[in-house]
Structures are given as structure tokens and as C-alpha cells.
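Take a look at the structure set out below.
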Amino acid sequence: MLFETENWAGRLFDMALLGLILLSVLLVSLETVTGLAAHRDLFMTLEWVVTGVFLIEYILRLVAVEQPRRYAWSFLGVVDLLAIAPTFLGLVFVDAHSLTVIRALRLLRVFRVFKLGRYLREAHVLTQAISAARHKIFVFLLGVGTLVLLLGTVMYVVEGPIHGFTSIPKSVYWAIVTMTTVGYGDIAPQTPFGQGLAAFVMLLGYGVLAVPTGIVSVELAKVSDPPVGSTGAPPVAIRCACGFVETDPAARFCRRCGARLSSPKSE
């Protein structure tokens, strides 16, 4: 029940545990709201109840596992311990109680409960695509970094400290905020040339943001597309009597009518 989710008891236990984790994080967050200060005693009582459950669970895991020390030093074991420790540390250090938000890391167990392991292949595909595009992305970031440095320096020279551009780093910050189309508005050019340059940077930002998306998309297409064979030739199509064209060379029966497919014929 503690380490497996193949039976109903294990799934029920993990679902209840996830509910307590969400409740605990919610309690810690509500304690910081000024308007709910009158309910702080209730929050603390519920938090100690949740902590007691987590403590019992941690002890049971150490008892049930064959190698307690190995589990205690594993990632989930350390997270389990850190999920308990802040509440007790709060008795000594007042600010340590806020560290209970680390329990959110325990939500990683949701992969065991809802069988999200089937999505790991898609995550692997994405990792492969980003890894394949890492050099292009690095060159892109280097180019963007050089561009915002030049634009920030120009804006510093044009506007100067009188208009809020007190230094080159602060001007570079403005260039980054403007190019990413965030536009906080805390610094704004006042001269006509500076406003024209700002408009150019804004329009440039739309084009710049599209570049990494295109790079990763191309690599994703390369990784996701099934191989066409060692020779690079397109897959051979098989036409069924019903008119359906099958392109999977391993197919033996028509997916439309169920009839047995004949030998492959190039279409």
C-alpha cells in the first residue's frame, strides 16, 4: 500500500496523501493572508494534524522498505523528511514554518497514481529536440544578448539619466523588457529619437520571439517523424480492396475493413 499503486488500497492511500499535501500548502498560504489572522490557531491545529500523518507515513515507509537507509537518502525520502521538519523547526525558528511549501515537491508522486508514465516518451522527445537545438539556441541567445546591449547603450546615450536611463545596465534592462513585449513602463524614452528606437525594438521583439520557437519546432518534427528506412526512401503503400491505402510496412490487415492485405505494391 505504501510503495505500490496496482491495488485499490495503494491508490486510495496515495490519493488521500495528495489531498493532504494540497491542504497543507493551502494552509501555509492562507496563514500569510492578513485578513485571516483570526483563524491562525485553526490553521496551526490542522497543520499539526497533517504533519502527524506525514510523520506516521515516513516512519511506516522506513519500517516497510528493505533498505531504510537507502530510502532515507533517496530523493523522495529526503523530500518526505523535509516535509516534516519545517513544522518542528517552527517551534525554534518562527520563519522556518513557511518552508512547509516544500511539500509541493511530493506531488511528484502523482505520476505513480495516475499512471502518467506513458507521457515520459513525449517528454523524452522534447528533451531530444531541445538537446539537438542547443547550439542554435545558444547562438540565438548570444545574438539577442549582443543586440540588447547595443540598443541599451544607444538608449543611454540618447536619453541619459535625466529621463531615467541612469546607467547602461538599467538601459539594457529596459531593452530586454521592451524586446520581450512585457513593457513595465517604469522607464520610458522622452525624446523623439528615443521613442522611435523604442518602437523599433518593440517590432523587433515579435520577430525575435519567433526564432527559438521555430528552431525547437523543426527539431521536434525531426525527432517525432517516424524513420522512412535506411535508404531514406518513402514508405511503401499497400492498397486494400476497399480502397484504403496503408503506409505502415508492418501492417498485415486493413484497419478499415479488416481484410488481409496483399503483398506491398508501390503506389
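No value in this document is a laboratory result; all are computed from the given coordinates. Computed from a prediction, not measured in an experiment: that's the story for all the values here. No Cβ is skipped: glycine too gets one built from the backbone with ideal geometry, and neighbour counts run over all protein chains shown.
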>> For I84, I162, which order do you get if you count the other beta carbons within 10 Å of each Cβ and list the fewest first?
In response: I162, I84
>> Using 0.36 nm times the number of residues separating A72 and M1, minus their current alpha carbon distance, what extension gain do you get?
In response: 23.7 nm
>> Skipping prolines and chain starts, which residues have an amide H placed within reach, meaning under 5 Å, of the one on E246, given they are 5 or more residues away or on another chain?
In response: I238, R239, C240
>> Between the range 1-53 and the range 156-207, how far is it from one alpha carbon centroid to the other, in angstrom?
In response: 47 Å
> For D248, D14, what's the fewest-to-most ordering of other Cβ within 10 Å of each Cβ?
Replying inline: D248, D14
